[in-house]
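Here is the structure we will look at, set down as structure tokens.
What follows is calculated from the coordinates using simple rules that are stated; it is not laboratory data. Remember, it's a predicted structure, so these values are computed and weren't measured experimentally. In this analysis, Cβ positions are derived from the backbone assuming ideal geometry, glycine residues included, and neighbour counts consider all displayed protein chains.
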Amino acid sequence: MAEDVRRPRPSRRESWRLTFHFDGKTVELRRCDRLPMVAPGTVGDPPRGGENSGAWLEVLDEQERVLFHRLLHDPFHLRAEHHSPDGRIEVHVRPPGPTDFEVLVPALPTADTVRLWVTPPSKKATPGPARDQGRFPLDDRKEDDRGSE
């Protein structure tokens, strides 16, 4: 009887916790940790880079098809709200500075890379379209693998 040997595939109950570092100009994926948990879902159609504004992360397969997307809220921490005593809320844009942020996505069997889209900060009333901030391979990287931790 032939033994059925198959490559282990990620469970639907496994997720990636992706830790990014933004140095004020560029983004780097520092860590990819597999976690035994279900990532929160997402609703709606994925936004389109170059057309929509905002911030989001796309999980891509080898053919760069979008398998999953996660909307992000101000990942570079550029906006601050000021609540005045008279009830007004003002949003102030901060200059870019170093920061880290994490994103949780499902560990899909055909996932290969992730792509980050972010609208550059602007004082305009209507923000411009999001720009591609980079594509990063999904692997089990740790900061100490690069000598950083």
Check: In nm², what is the average projected area of the convex hull enclosing the Cα atoms of segment 76-116?
Finding: 4.9 nm²
Notebook entry, point to check: In the neighborhood of Asp132, defined by Cβ-to-Cβ distances under 12 Å, what is the net charge if each Lys or Arg adds +1 and each Asp or Glu adds -1?
Noted result: +2
Next item on the list: Please list the non-local residues whose amide H lies under 5 Å from the amide H of Leu67, H modeled 1.01 Å from N, same-chain partners needing a gap of 5 or more.
Entry: Val59, Leu60, Asp61
Next item on the list: Would you calculate the separation in nanometres between label points at His77 and Thr99, each defined as 7 Å from the Cα along the Cα-to-beta-carbon direction?
Entry: 0.6 nm
Next item on the list: Check each of the trypsin sites (Lys or Arg not before Pro) in segment 14-104 and keep only those in coil by DSSP with at most 15 other C-beta atoms within 10 angstrom; list them in order.
Entry: Lys25, Arg48, Arg65, Arg88
Note to self: Using the Karplus curve 6.51 cos²θ - 1.76 cosθ + 1.60 with θ = phi - 60°, what ³J(HN,Hα) values do you get for each residue of segment 103-116, in whole Hz, with x for Gly and Pro?
What the structure shows: 9, 9, 9, x, 8, 6, x, 9, 5, 10, 9, 10, 10, 9
Checklist line | Coil-residue GluC sites (Glu not before Pro) of segment 32-113, DSSP, other Cβ within 10 Å capped at 16 | finding: Glu51, Glu62, Glu64
Next item on the list: Sort Val66, Val103 so the one with the fewest other Cβ atoms within 10 Å of its own Cβ comes first.
Entry: Val66, Val103
